[in-house]
Amino acid sequence: MGYSDLGCMGSEIQTPDIEGLAAGGLLMTHFYNAGRCCPSRASLLTGLCAHQAGVGDMTENRGYPSCRGYLNKACVTVAEALQWAGYTAALAGKWHVVADPNGFIKQSCRKCGLERRQQILSFI
């Protein structure tokens, strides 16, 4: 599903629940696609440029603050912001914004405000 498939973005497809959320809150209309999955995902989760979030080049640590391969401690995810407002956030799908997929996944999901998860593990 793309953004243009939502009723609130002009589609002929009716999405009443999403349209209700958009009418009563914030509607995000701009997003920078980095052309690769990890940096784009980091931007979507944080609202920052992927380099500002620390995932400028996939999940490999390149030794630069902008390319550490994981979300840095200074950025706030949308899940954290929602959690602070009393919501529960969950992950369904591919996490893939951390350098170490073995020991760091649980900690990073919870650190980022995701209380529940059903994820696809990626060992690329």
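Kindly indicate the residue of the range 44-59 that is aliphatic (A, V, I, L, M) and not in a helix (DSSP H, G or I) and also farthest from VAL76 (Cα to Cα) among those meeting that condition.
MET58
Just for the range 5-43: of the residues that are assigned to a loop (DSSP other than H, G, I, E, B) and buried (at least 16 other Cβ atoms within 10 Å of the Cβ), which one is modelled with the lowest pLDDT?
Among residues in the range 5-43 that are assigned to a loop (DSSP other than H, G, I, E, B) and buried (at least 16 other Cβ atoms within 10 Å of the Cβ), the one modelled with the lowest pLDDT is ALA34.
Just wondering, is there one or more residues in the range 79-89 that are touching a helix residue (DSSP H, G or I) at 6+ places or on another chain (Cβ under 7 Å), modelled with pLDDT of 75 or more, assigned to a loop (DSSP other than H, G, I, E, B) and within 22 Å of LEU48 (Cα to Cα)?
No, the range 79-89 contains no residue that is touching a helix residue (DSSP H, G or I) at 6+ places or on another chain (Cβ under 7 Å), modelled with pLDDT of 75 or more, assigned to a loop (DSSP other than H, G, I, E, B) and within 22 Å of LEU48 (Cα to Cα).
Of the residues THR46, THR59, which single one is buried (at least 18 other Cβ atoms within 10 Å of the Cβ), touching a residue at least 24 places away in the same chain (Cβ under 8 Å) and out of contact with any Phe, Trp or Tyr (no Cβ under 9 Å at 6 or more places or on another chain)?
THR46 is the lone residue from the list that is buried (at least 18 other Cβ atoms within 10 Å of the Cβ), touching a residue at least 24 places away in the same chain (Cβ under 8 Å) and out of contact with any Phe, Trp or Tyr (no Cβ under 9 Å at 6 or more places or on another chain).
The values are calculated or read from the model by the stated rules, or taken from the named source; none is laboratory data. Nothing here was measured: the structure is a model prediction, and the numbers come from that model. Virtual Cβ from ideal backbone geometry, glycine too; neighbours counted across all protein chains shown.
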